[in-house]
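Scroll down for the structure; my scribbles are underneath it.
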Amino acid sequence: MFLTLASKSLVNRKGSVLLTILAMSVSIFVLLGVEHVRYQAKESFSNTVSGVDLIVGARTGSLNLLLYSVFRIGAPTNNISWNTFKNIQKKSDAAWVIPISLGDSHKGYRVLGTTKEYFTHFSYGKQHRLTMQQGVAFDQVFDVVLGAEVAAKLGYQLGDKIVLAHGMAATSFSLHEDKPFQVVGILSPTGTPVDQTLHVSLQGIEAIHVDWKEGVHSANSDKPMTLDEMNNLTPKSITAFMLGLKSKMKVFQTQRMINEFQQEPLIAILPGITLSELWQMIGMLENTLRLISALVLLAALLGLSAMLLASIRERSHEIHLLRVIGAPPRFLFFLIEIEALLISLLSIGVGMSILYSSLLVFDGYLTTQFGLYIDINFLTKSNLLLIAIIVLSALIAAAIPSFKIYNRAKSSV
């Protein structure tokens, strides 16, 4: 009876009720959206790399090194010479080393020059290794292994030819057209920037730049290099490298040795600690966004309370009839609360529908532009708790008009 009467009452006042539902839906969309994106962004960043003890690059800020070497965001300030890389590899107690060379791209996607150890030792999430969806790791100088998103979005298959571009612009006119690469492997999806990366050998990076000087192609080579010569090219420099040590006890000792390296200014960072610094830096921004979302919800709840208060003045005749047929004051109290509950549930349904649709539409954009993999399923424990708080807040907001109609009923016949 409560539900039937409350539903009919809301339908009778559909204009003001629809506006209230719209306002609350927008606030719920903002609140749940901010919380979900915040949580997913943190998860996406945290799961990008694991099992790496140190990341080493030219001296710069620790966050900058982490962003360009792991997340493909930004650009390095300088490179590391190959001799320095080999020297540190010998001096450190390294179980494995993964060199990284960045600087080229393909249709907006980054190209990563590395070695086959990358596919063996690089981990993401909870120590998950990279696996091949199709094909094998690169073996020849002009082999390329694609991330899952690159292959899916650009429609590449094994055996296709790819021309890399000089630089990292989405549209480039400096193409390495004379040295195309062949797709030999496609990685399984990882939900990390690996999916948006093209992987080639360090020799491949060197080979395509043999005739390039200061970013310009110079086709005046007297004797073109043979394929065997290209396979044996030694890089002059690399962008950064990842270290996995045999003993975790030597992490800080190795870090200090690298940071104090005399031949070249370097910096070694611990990925986990640097990520913590990143969260501390953006913690204020997170809290500000959450506060704004909460204030938007508060404004909507006050609007709900105001709408219910205004409706009481219009329902004097209804209240009188209900009292005549024997409805006690508490019946009217709970009637208003049920109306508030129905409005909040409808608003939650609409807000969640808008959020789900937005995640579907902008999923590809967030992945391509920011490297963020946002799960469409936003019904996490924290969001379910938020939904419960929203319902409870709506009932509290309706308490003032509920008590008012209760007191009016007690004073009426």
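Figure legend. Inter-residue proximity from the stretch 392-411: first residues not assigned by TED's automatic domain parsing to the domain that holds residue 343 and part of a helix (DSSP H, G or I), second residues at pLDDT 80 or above and open to solvent by 10 Å² or more (accessible area, probe 1.4 Å), beta-carbon distance below 8 Å, spacing 6+ or different chains. No pairs are indicated.
Condition check ((1) surrounded by fewer than 18 Cβ atoms within 10 Å (Cβ to Cβ); (2) modelled with pLDDT under 90) across all residues:
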residue: 350; (1), (2): yes, no
residue: 353; (1), (2): yes, no
residue: 363; (1), (2): yes, yes
residue: 368; (1), (2): yes, yes
residue: 374; (1), (2): no, yes
residue: 378; (1), (2): no, yes
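The set of residues in the stretch 111-138 being open to solvent by 20 Å² or more (accessible area, probe 1.4 Å) and in a strand (DSSP E or B) consists of 124, 128, 129, 132, 133, 134, 135. Has the stretch 80-96 got at least one residue that is within 24 Å of the chain's Cα centre (by Cα), open to solvent by 30 Å² or more (accessible area, probe 1.4 Å), at pLDDT below 90 and of a type outside the set (S, T, N, Q)? No, the stretch 80-96 contains no residue that is within 24 Å of the chain's Cα centre (by Cα), open to solvent by 30 Å² or more (accessible area, probe 1.4 Å), at pLDDT below 90 and of a type outside the set (S, T, N, Q).
For beta carbons closer than 6 Å, sequence separation of 6+ or different chains, a first residue in the stretch 138-160 that is farther than 15 Å from residue 111 by Cβ and a second that is assigned to a loop (DSSP other than H, G, I, E, B), the qualifying pairs are 148/189. If the condition is being out of contact with any Phe, Trp or Tyr (no Cβ under 9 Å at 6 or more places or on another chain) and modelled with pLDDT under 75, then the stretch 171-192 contributes 171, 172, 173.
Taken over the stretch 63-84, the criterion of being among the β-branched types (Val, Ile, Thr) and free of Cβ contacts under 8 Å to residues at least 24 places away in the same chain is satisfied by 77 alone. Only residues that are part of a helix (DSSP H, G or I) and over 22 Å from residue 124 (Cα atoms) were counted in the stretch 46-93, giving 10. Please list, ordered by first then second residue, the pairs with beta carbon atoms under 9 Å, 6 or more apart or interchain, first in the stretch 242-258 and more than 23 Å from residue 114 (Cβ to Cβ), second open to solvent by 40 Å² or more (accessible area, probe 1.4 Å) and of a type in the set (Gly, Ala, Ser). Sorted first by the residue in the stretch 242-258, then by its partner, the pairs are 247/95.
Within the stretch 1-26, track down each residue that is closer than 26 Å to residue 356 by Cα and either modelled with pLDDT of 90 or more or hydrophobic (A, V, I, L, M, F, W, C) (or both). The answer is 17, 18, 19, 21, 22, 23, 24, 25, 26.
Here residue 298 qualifies as closer than 27 Å to residue 398 by Cβ and not assigned by TED's automatic domain parsing to the domain that holds residue 80. Being of a type in the set (Gly, Ala, Ser), touching a Ser or Thr at 6+ places or on another chain (Cβ under 8 Å) and not in a helix (DSSP H, G or I) is a condition met by no residue of the stretch 19-31. Remark: pairs (first residue in the stretch 15-33, at negative phi; second residue in a helix (DSSP H, G or I) and open to solvent by 50 Å² or more (accessible area, probe 1.4 Å); Cβ separation under 6 Å; 6+ apart in sequence or on different chains) = 21/346; 25/350; 27/296; 29/354; 30/296.
Consider the stretch 236-252. How many of its residues are in a loop (DSSP other than H, G, I, E, B) and open to solvent by less than 10 Å² (accessible area, probe 1.4 Å)? Total satisfying the criteria: 1. All told, residue 382 meets the bar of being modelled with pLDDT of 75 or more and of a type in the set (S, T, N, Q).
The values are calculated or read from the model by the stated rules, or taken from the named source; none is laboratory data. Just so it is clear, the model here is predicted, and its values are computed rather than measured. FYI the Cβ positions are ideal-geometry reconstructions off the backbone, even for glycines, and counts take in every protein chain you see. Please note that ligands, DNA and RNA were not included when accessible areas were found on the heavy atoms of the full protein model with its side chains. Shrake-Rupley method; radii C 1.70, N 1.55, O 1.52, S 1.80 Å.
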